[in-house]
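Structure first, then comments.
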Amino acid sequence: MDIQTIRQNTPGVTHVVHFNSAGASLVSQQVLAAQIDYLKEEAQYGGYETASKYESRLEEFYSEAAKLIHASPEEIAFTESATVAWQRAFFSIPMEKGDTILTTKAEYASNFISYLYQKEKQGINIKVVPSDGSGEIDLKKLEESIDESVKLISITHLPTNSGLVNPAEKVGELARKYNILYLLDACQSIGQYPIDVHKIGCHFLSATGRKYLRGPRGTGFLYANKEILKSCIPSNLDLHSANWIKDNIYEKRTDARIFETWESNVAAKMGLTQALKEVNILGIDNIWKRVVELSRYLRSELEKIETVAIKDIGSIQSGIVTFTSSMKASQLQEALNAKGFNTIVSPKNSTLLDMSDRNLEEVVRASVHYYNTEQEVDDLTAALRQIL
Ligand SMILES: Cc1ncc(COP(=O)(O)O)c(C=O)c1O
């Protein structure tokens, strides 16, 4: 990977030391230009006319997203966030009183709130599968939890608050064995970790644009596999997801765009398409290798600071590095920010079950991406030493 060229093409690196790609990455010059150029054309020639002109370029969004996760373009829907993608999938799954959802300890707040909402509305059960010694979902306990009532296995791949990588493929093997629907929140894994939906065997996968994909804010996508598309019932339809053919008759789309609505932020979609192209050109395996190397280096340097305690779990660890220190997390994050280092605080209620289990109120999250450098890691740890 030519890090120097990548950094030359990333305007943000001259302004900040950015360890917040798990929040929102720095975009490349080309991702920025794809949006600005498109917006200019919209302003000059009209929104619909510009969309028509770029129709084939916009189609590339589907093929690039599909390529990255080994899916087909027909299995991809564009959304405005990972949450919207996830909710469209989740609320399309018919649930009845007594049905059970199996999930993990490290589940993301928005997902768990939706489980609670369905529990309140439909009387479903939520079963949280315990973690094993490493912090990953315990596969033995997952299998033991499966009974006739289980309608859905819904897990977060890489949680927001630690370096954990949940064993998505092994979970998929169990989902397949017992013929259970499987929804994977890949919001933090997309763009940093290799994903093959066939190997994972999930029916749905939700992803965001602005984090490790380095796309614009307000973008995301949903993968819905061909099998589920034959029978799924989205919670909403419009004139894009369905066709009104006679007074009392409409026909639903048969591809994943059944989960889209007609209107969308087309300039942002252009930006995300460019970001996906860049990931596919760089190669997700190369990206993951670099992210692992840099995050290992950051953890090893943090370990040397006596007043810092690393809080990452899992047998394989991602680019999400979390820690506590002798200082309150929010104060430390602010002090780092004042020195030009972007990190973020992950609060307890983003992943309430895991944080409560581990007696954590909040952690500082310093997430690394391939465009960070060893020098930036050294600068960050030097700044931490100085502040602490
Ligand atoms: C694990 C996980 N899932 C879902 C989301 C929500 O993503 P979005 O804000 O794009 O809806 C986040 C955001 O941080 C996340 O970390």
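If you go through the range 135-167 and pick out every residue that is of a type in the set (D, E) and within 16 Å of the ligand (Cβ to nearest atom), you end up with 1. R176 falls short of the stated requirement of being within 13 Å of the ligand (Cβ to nearest atom), in the same structural domain as I258 (by TED's automatic domain parsing), modelled with pLDDT of 95 or more and among the basic types (K, R).
For F78, the criteria (1) more than 16 Å from the ligand (Cβ to nearest atom); (2) touching a strand residue (DSSP E or B) at 6+ places or on another chain (Cβ under 6 Å); (3) in the same structural domain as S206 (by TED's automatic domain parsing) hold in every case but one, which is (1).
A85 falls short on exactly one of the conditions (1) more than 16 Å from the ligand (Cβ to nearest atom); (2) part of a helix (DSSP H, G or I); (3) surrounded by 17 or more Cβ atoms within 10 Å (Cβ to Cβ), and that condition is (1).
Counting only strands (runs of 3 or more DSSP E) that sit wholly inside the range 213-271, those with at least 1 residues that are touching a helix residue (DSSP H, G or I) at 6+ places or on another chain (Cβ under 6 Å) and either under 30 Å from V368 (Cα atoms) or not assigned by TED's automatic domain parsing to the domain that holds A43 (or both) are 220-224.
For the range 16-48, a tally of residues being outside any helix (DSSP H, G or I) and touching a residue at least 40 places away in the same chain (Cβ under 8 Å) returns 13. Among the candidates K97, K170, K119, K105, the residue that is within 16 Å of the ligand (Cβ to nearest atom), among the basic types (K, R) and assigned by TED's automatic domain parsing to the domain that holds H198 is uniquely K105.
Name the residues in the range 373-384 that are assigned to a helix (DSSP H, G or I), surrounded by 14 or more Cβ atoms within 10 Å (Cβ to Cβ) and of a type outside the set (G, A, S), would you? E376, V377, D379, L380, T381, L384, listed by residue number.
The values are calculated or read from the model by the stated rules, or taken from the named source; none is laboratory data. Keep in mind it's a predicted model, so treat the numbers as computed, not measured. Don't worry about glycine lacking a Cβ; one is built from the backbone with ideal geometry, like all the others, and counts go over all protein chains shown.
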